């Protein structure tokens, strides 16, 4: 017998098709879903995050979605705290918590109750690396990390400047690579009796789905959504964002509310699709180039996700092709593993 708390993880790379499976699974087993997506926590950011809609939820309770304004920061420590609270509340109701999302670091932090209080901090070091980022760019900063901790650089996208700086800071202060620290944390015993499912599909099909999703996001109004964030008008009627996407000539940005307007340095603007479109509005690239970069960066992100999941322990891989891409058959297979 175990006194550990039951928990299910359903994850996989972006565009693999987690949403429908998660809804069907939750209905079958009496579950509630906790989002492990670092971007879906933000209100008003629906298109670029491919956020699940109320209709798609189909009555299944969801947690950690639309809980912050885009001007607020979010990190793994906040996720860990909120997710643990959600797990307890769901179990108290006699239901099963299902973690759904592709942010592997967040999932790991919850499963193994990773202690983020370890290690010293040095604000002067952070300022030092922040200045390097401003002067030489995110890519140069990321390359510095790659030279001292290639494993961490592989796991942390260059756009996540805060995590890159934290990894460099940790190495400078301790002489230990942060990837080694994280590996040691993963050796801890989990407080949960968990089942960890990773959906996957053939790479060519996955990349095709990614490209198609990006094109659909542009058609749905991603350009207008990013404009509304940069101008500070996102609390207004969302119809403006959709209509602006149809404009062939881009009107220069006009800051309407400086207290709400986002800068490209904010946490929320580091998400895929947002930072590339922000570069477009800043005149750093054409619209066509921005779309191409979104596709490329999303494919690279999917590759990093798969690399991360392969390193995790006690993972059950489910290739959707083995089940004819049929969500019902996939859910049946998941239930067999519970």
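The values are calculated or read from the model by the stated rules, or taken from the named source; none is laboratory data. Model, not experiment: these values are computed from the prediction. Positions of Cβ are generated from backbone atoms using ideal geometry, with glycine treated the same way; all protein chains shown enter the neighbour counts.
Considering (1) surrounded by fewer than 12 Cβ atoms within 10 Å (Cβ to Cβ); (2) touching a helix residue (DSSP H, G or I) at 6+ places or on another chain (Cβ under 9 Å); (3) part of a helix (DSSP H, G or I), say which one residue 124 fails and leave the rest.
The number of the failed condition is (2).
Restricted to region 22-42, and to residues that are touching a residue at least 40 places away in the same chain (Cβ under 8 Å) and part of a loop (DSSP other than H, G, I, E, B), which residue is surrounded by the fewest Cβ atoms within 10 Å (Cβ to Cβ)?
Taking region 22-42 first, the residues touching a residue at least 40 places away in the same chain (Cβ under 8 Å) are 22, 24-26, 28-40, 42.
Still in the running and part of a loop (DSSP other than H, G, I, E, B): 30, 36-40.
Details: 30: 10, 36: 24, 37: 22, 38: 23, 39: 22, 40: 22.
Top of the filtered list is 30.
Tell me the residue from 288, 244, 249 that is exposed (fewer than 14 other Cβ atoms within 10 Å of the Cβ) and either at pLDDT 90 or above or assigned to a helix (DSSP H, G or I) (or both), please. Let's see the steps before the verdict.
Working: 244 fails: exposed (fewer than 14 other Cβ atoms within 10 Å of the Cβ); 249 fails: either at pLDDT 90 or above or assigned to a helix (DSSP H, G or I) (or both).
Going through 288, 244, 249 in turn, just one is exposed (fewer than 14 other Cβ atoms within 10 Å of the Cβ) and either at pLDDT 90 or above or assigned to a helix (DSSP H, G or I) (or both): 288.
Out of 85, 56, 134, which single residue is in a helix (DSSP H, G or I), free of Cβ contacts under 8 Å to residues at least 60 places away in the same chain and more than 23 Å from residue 29 (Cβ to Cβ)?
Details: 85 fails: more than 23 Å from residue 29 (Cβ to Cβ); 56 fails: more than 23 Å from residue 29 (Cβ to Cβ).
Unique residue meeting the criteria: 134.
Which members of region 29-46 meet the condition of being within 14 Å of the chain's Cα centre (by Cα) and either modelled with pLDDT of 95 or more or closer than 13 Å to residue 274 by Cα (or both)? Walk me through how you get there before you give the answer.
First, pick out the residues of region 29-46 that are within 14 Å of the chain's Cα centre (by Cα): 34-42, 45-46.
Answer for region 29-46, where residues must be within 14 Å of the chain's Cα centre (by Cα) and either modelled with pLDDT of 95 or more or closer than 13 Å to residue 274 by Cα (or both): 34, 35, 36, 37, 39, 40, 41, 42, 45, 46.
Cβ-Cβ below 6 Å, separation at least six or inter-chain, first residue in region 189-216 and over 20 Å from residue 331 (Cα atoms), second in a helix (DSSP H, G or I): which pairs?
From residues that are over 20 Å from residue 331 (Cα atoms), the pairs are 190/111; 207/299; 210/298; 210/299; 211/295; 214/294; 214/295.
What residue, among those in region 217-241 that are assigned to a helix (DSSP H, G or I) and over 16 Å from residue 274 (Cβ atoms), is modelled with the lowest pLDDT? Lay out the reasoning, then the answer.
First pass over region 217-241, keeping only residues assigned to a helix (DSSP H, G or I): 217-220, 222-231, 239-241.
Then drop every residue that is not over 16 Å from residue 274 (Cβ atoms), which leaves 219, 239-240.
Working: 219: 96, 239: 43, 240: 48.
Among those that are assigned to a helix (DSSP H, G or I) and over 16 Å from residue 274 (Cβ atoms), it is 239.
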